[in-house]
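Participant: My questions will all concern the structure given below.
The values are calculated or read from the model by the stated rules, or taken from the named source; none is laboratory data. All figures in this text were calculated on a predicted structure; none of them were measured in a lab. Neighbour counts run over all protein chains shown; Cβ positions are idealised from the backbone, glycine included.
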Amino acid sequence: MRLKPGRPDLRDYTARFDVPAAREGAGVTVTWLGVTTILVQDGESSLLTDGFFSRPPLAAVGLGRIAPASDRIEACLARAGVRALDAVIPVHTHFDHVMDSPAVAERTGAVLVGGGSAANVGRGAGLPEDRIVLATAGAVMTFGNYEVTLVESGHCPPDRYPGEITGPVVAPVRASAYRCGEAWSTLVHHRPTGKRLIVQGSAGFVPGALAGHRAEVVYLGVGQLGLRPERYITEYWNETVRAVGARRVVLIHWDDFFRPLSLPLRALPYAGDDLDVSMRVLGELADRDGTALHMPSLWERADPWR
């Protein structure tokens, strides 16, 4: 944490909020719902990463106990038009990713997909075993019209709550109960169209882990990235975006997740991240590689393959 006051001004990046909108008959679309909650749908089947909508305030996270907020979850699912999902896939198991995942899975008929830590969050929330899919790193899983592969990744340093979740998490609990667990690069292949994307939930990586994988689009997590040295940011880009040959990158996990989605979005404060640094360095890397770099608009169905 730094003592630099204030936070980045999103108006400085207005021109970046230009992910191509989905047109009629797009086939498969992507909708950003804050942090690293990504809805992928094609009219027949749908996937969701994380499904984090409760967004408890900082005071509750730091000093109290937190639990899913049913009213916020239901309101956000309704706003996004989500009634049914094939799978809910947390990118790792910190509270700002997994806390609401079992509740979203329960409401939408989805299975909860992840490692042992995610499974224990599901069990603590009362999700039955037949609604929990224990993933193996690198294995291809099929959900509706999608093939999903979870590739071992890492959390951007520092990881304030490292380690695995070894037993059921029964909310309300302290935020520290949601340890990081398994961190994934989530590869999604839409079989009918052949389109591929990656959701890189945290700005961490395992060197070489994505070698041999391909995706046209990366939804790239940048939380805490602006506090890392420029050398790290460059390596992160190379191990994710360049590794898979992506031609379009959409930046996620820059929004202040202690603020409800009913209020206008704002960037994380400088004390916890520096989006200005991330935008400068990533912009230079994108220009170098000829890669389109965007920021997503909340609730809007996009076609990032256009």
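Participant: Considering only the range 257-306, state which residues are in contact with a helix residue (DSSP H, G or I) (Cβ under 6 Å, 6 or more places away or on another chain) and among the acidic types (D, E).
Facilitator: Within the range 257-306, D273, D274 qualify.
Participant: Please specify each residue of the range 101-155 satisfying the condition of being in a loop (DSSP other than H, G, I, E, B), among the aliphatic types (A, V, I, L, M) and touching a Pro at 6+ places or on another chain (Cβ under 6 Å).
Facilitator: Result: A125, L127.
Participant: Which one is farthest from the chain's Cα centre (by Cα) among residues in the range 50-73 that are exposed (fewer than 14 other Cβ atoms within 10 Å of the Cβ) and within 22 Å of G122 (Cβ to Cβ)?
Facilitator: Filtering the range 50-73 for residues that are exposed (fewer than 14 other Cβ atoms within 10 Å of the Cβ) and within 22 Å of G122 (Cβ to Cβ), the one farthest from the chain's Cα centre (by Cα) comes out as R65.
Participant: Still on this structure, please answer the following. Do you know which of the residues in the range 80-93 that are of a type outside the set (G, A, S) and surrounded by fewer than 24 Cβ atoms within 10 Å (Cβ to Cβ) is nearest to L127 (Cα to Cα)?
Facilitator: Looking at the filtered set, the residue picked out is D86.
Participant: Taking the condition at pLDDT 95 or above, out of contact with any helix residue (DSSP H, G or I) (no Cβ under 7 Å at 6 or more places or on another chain), more than 19 Å from F257 (Cβ to Cβ) and crowded, with 19+ Cβ neighbours inside 10 Å, does L197 pass?
Facilitator: Values: at pLDDT 95 or above: yes; out of contact with any helix residue (DSSP H, G or I) (no Cβ under 7 Å at 6 or more places or on another chain): yes; more than 19 Å from F257 (Cβ to Cβ): yes; crowded, with 19+ Cβ neighbours inside 10 Å: yes.
Here the answer is yes, as L197 does meet what is asked.
Participant: Got a number for residues in the range 270-299 being closer than 23 Å to A21 by Cα, within 21 Å of the chain's Cα centre (by Cα), of a type outside the set (S, T, N, Q) and outside any helix (DSSP H, G or I)?
Facilitator: At the first step, the residues of the range 270-299 found to be closer than 23 Å to A21 by Cα are 279, 282-283, 286-287, 290-299.
Filter once more, so that each one left must be within 21 Å of the chain's Cα centre (by Cα): 279, 282-283, 286, 291-299.
When the remaining residues are screened for being of a type outside the set (S, T, N, Q), the result is 279, 282-283, 286, 292-296, 298-299.
From the residues that got through so far, the ones that are outside any helix (DSSP H, G or I) too are 292-296, 298-299.
Of the residues in that region, 7 qualify.
Participant: Restricted to the range 116-148, and to residues that are surrounded by fewer than 20 Cβ atoms within 10 Å (Cβ to Cβ) and among the polar types (S, T, N, Q), which residue is nearest to G204 (Cα to Cα)?
Facilitator: Across the range 116-148, the extreme among qualifying residues is T136.
Participant: Something else about it: Look through the range 1-41, keep the residues that are surrounded by fewer than 17 Cβ atoms within 10 Å (Cβ to Cβ) and among the small types (G, A, S), and return whichever of them is modelled with the lowest pLDDT.
Facilitator: Applying the filter and picking the extreme gives G25.
Participant: Another question, if that's okay. Looking at (1) farther than 20 Å from Y13 by Cα; (2) out of contact with any strand residue (DSSP E or B) (no Cβ under 8 Å at 6 or more places or on another chain); (3) buried (at least 22 other Cβ atoms within 10 Å of the Cβ); (4) not β-branched (V, I, T), can you tell me which one A246 breaks?
Facilitator: (2)
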